[in-house]
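The values are calculated or read from the model by the stated rules, or taken from the named source; none is laboratory data. As the structure is a prediction and not an experimental result, all values here were calculated from the model. Backbone-built Cβ (ideal geometry, glycine too); neighbour counts: all protein chains shown.
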Amino acid sequence: MEKQIWHSILIGGGASGLFCAGSYAAPKLLLEHNKQAGRKLNITGGGKCNFTNLYVKDKAYVCGEKHFCHAALAAFGPQDFVRLLEKAHISYSEKTQGQLFARNAAEITGFLIRRAKENHTEILCGCEVLRITKEHGLFCVQTSRGNYCGKNVVIASGGLSYPQLGASAFAWRAAKELGLETAAPRPALVSLALPSPYNRICRNLAGNSLLAEIRCAKQKERDMLLFTHDGISGPAVLQISLYWQEGEKILVNFLPDVQVQGYLQCHKNRPELFSKILSPFLPARILREWLGEWDVRAADAKKDALLAAARRLNAFACIPVGTGGFRRAEITAGGLNVKQFDARSMECKQQKGLFVIGEALDVGGRLGGFNLHWAWASAKAAAAALAARS
Ligand SMILES: Cc1cc2nc3c(=O)[nH]c(=O)nc-3n(C[C@H](O)[C@H](O)[C@H](O)COP(=O)(O)OP(=O)(O)OC[C@H]3O[C@@H](n4cnc5c(N)ncnc54)[C@H](O)[C@@H]3O)c2cc1C
């Protein structure tokens, strides 16, 4: 029997792969190594899937090339995805800062799978893709369930985050075999582990949160910070982790609305501890733990003790010793170097017919629906180009 030659073979049945498959009509094969497609999608946004953000813009992404995301985002905006959901009678609501959530993430996954099937997609689950090679102008995809041939191939295998849900380093391996450049993967939108003795203090405060301002690499985030068993987490920390590189310093202001040095100087004759004096702004227990040896009586405090206490609260500098790792990171920063791809179609410039979409590319979005929006927008860009291929 003659071997079938597919118009296109998509690798990965996650957000970008499913959306791409449903966005053009040619007969195609989608390969997913999990038993079901969209497993990660089902747990996004705490099970409610923060599927886009009304304020999608280039600046919400960290990418190897500054303007790479622009064309795809301009061609497919948040309202375009919303219109598709409305047509499918899937309800959603807006939370803070333009974040749109579904009632149930599984509704979005179900919709994407239906849409892909309606658009001539054969979905093969439990099929691990091992290698891609090019033979006689065709792509040969070697899998745990045999080999498949296609005129076009779309790598939509995502990053390394949440290996417990099927994430793999396939995109990096395939890139190497195909002679393409990658930026090393690193966990992002993830907690940061602090060095000793701060990790111990954080453990004592685990579960407490406060409003903080964090700076790193010219980036500033103001949002909630949560103490964890070995460091810090919460939205402010997750956002800054997108910009943080190993070995870099972070600067945390635990009382961004209080000029602590000036305030303590105004109260320098009081007999109470600094933690008591500052308790109108933060619970005294948090202050006591965090100030540690610098929690002294104001009246007895020497100038350098007052300055040290103020610095610990308003300008705490340290170099994190690590992150929560890929098991806890919401996304993977790094990926296939975008300079090798056409920003309008996500097609590889050197290898026609090879497309890469979603998180496998070196594009990382901020928290708030931006990453799924990138999955949709990059998938749509590839689908438009694939639709035009015979
Ligand atoms: C807990 C959590 C919550 C999140 N919540 C949100 C949110 O609310 N909003 C938001 O914007 N972003 C969120 N994200 C990020 C978002 O899920 C990802 O950015 C997005 O899913 C990336 O889409 P993708 O298609 O590139 O990759 P994925 O969705 O990860 O899909 C990749 C698929 O490829 C499959 N695969 C991998 N290797 C192989 C192989 N060798 N063979 C076959 N199949 C393979 C995987 O099993 C997977 O199904 C969240 C992430 C996590 C981990």
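For Asn337, the conditions (1) closer than 20 Å to Val190 by Cα; (2) of a type outside the set (Ser, Thr, Tyr); (3) within 20 Å of the chain's Cα centre (by Cα) are fulfilled apart from (1).
In the range 43-71, the residue that is nearest to the ligand (Cβ to nearest atom) out of those that are in a loop (DSSP other than H, G, I, E, B) and charged (D, E, K, R) is Lys48. The requirement of being in the same structural domain as Asn371 (by TED's automatic domain parsing), of a type in the set (S, T, N, Q), modelled with pLDDT of 95 or more and buried (at least 17 other Cβ atoms within 10 Å of the Cβ) is satisfied by Gln99. May I ask you to verify whether Gln79 is touching a Gly at 6+ places or on another chain (Cβ under 9 Å), in the same structural domain as Gly365 (by TED's automatic domain parsing), part of a helix (DSSP H, G or I) and more than 9 Å from the ligand (Cβ to nearest atom)? When the stated conditions are applied, Gln79 does not pass them.
Within the range 201-222, residues that are without any contact (Cβ under 8 Å) to a residue 40 or more places away in the chain have Cβ atoms under 6 Å from residues that are among the aliphatic types (A, V, I, L, M) and surrounded by fewer than 16 Cβ atoms within 10 Å (Cβ to Cβ) in these pairs: Ser209/Met224; Arg215/Leu251, counting only partners at least 6 apart in sequence or on another chain.
Screening the range 62-78 for residues that are within 11 Å of His373 (Cα to Cα) and out of contact with any helix residue (DSSP H, G or I) (no Cβ under 6 Å at 6 or more places or on another chain) and picking the one that is surrounded by the most Cβ atoms within 10 Å (Cβ to Cβ) gives Pro78. Is there a residue being under 19 Å from Cys149 (Cα atoms), more than 7 Å from the ligand (Cβ to nearest atom) and out of contact with any Lys or Arg (no Cβ under 6 Å at 6 or more places or on another chain) anywhere in the range 29-42? The answer is yes, given that some residue of the range 29-42 is under 19 Å from Cys149 (Cα atoms), more than 7 Å from the ligand (Cβ to nearest atom) and out of contact with any Lys or Arg (no Cβ under 6 Å at 6 or more places or on another chain). In the range 9-25, the count of residues that are more than 21 Å from the chain's Cα centre (by Cα) and part of a helix (DSSP H, G or I) is one or more. Can you tell me which of Lys349, Lys339 is assigned by TED's automatic domain parsing to the domain that holds Ala175, surrounded by fewer than 24 Cβ atoms within 10 Å (Cβ to Cβ) and free of Cβ contacts under 8 Å to residues at least 24 places away in the same chain? Answer to the selection: Lys349. Here Glu359 meets each of (1) more than 11 Å from the ligand (Cβ to nearest atom); (2) in a helix (DSSP H, G or I) with one exception, condition (1). Elements of the type strands (runs of 3 or more DSSP E) sitting completely within the range 94-156 and holding at least 1 residues that are in contact with a helix residue (DSSP H, G or I) (Cβ under 8 Å, 6 or more places away or on another chain): these cover 99-102, 121-125, 129-135, 146-155.
With respect to Leu10, determine if the residue is more than 9 Å from the ligand (Cβ to nearest atom), surrounded by fewer than 22 Cβ atoms within 10 Å (Cβ to Cβ) and hydrophobic (A, V, I, L, M, F, W, C).
Working: more than 9 Å from the ligand (Cβ to nearest atom): yes; surrounded by fewer than 22 Cβ atoms within 10 Å (Cβ to Cβ): no; hydrophobic (A, V, I, L, M, F, W, C): yes.
The answer is no for Leu10.
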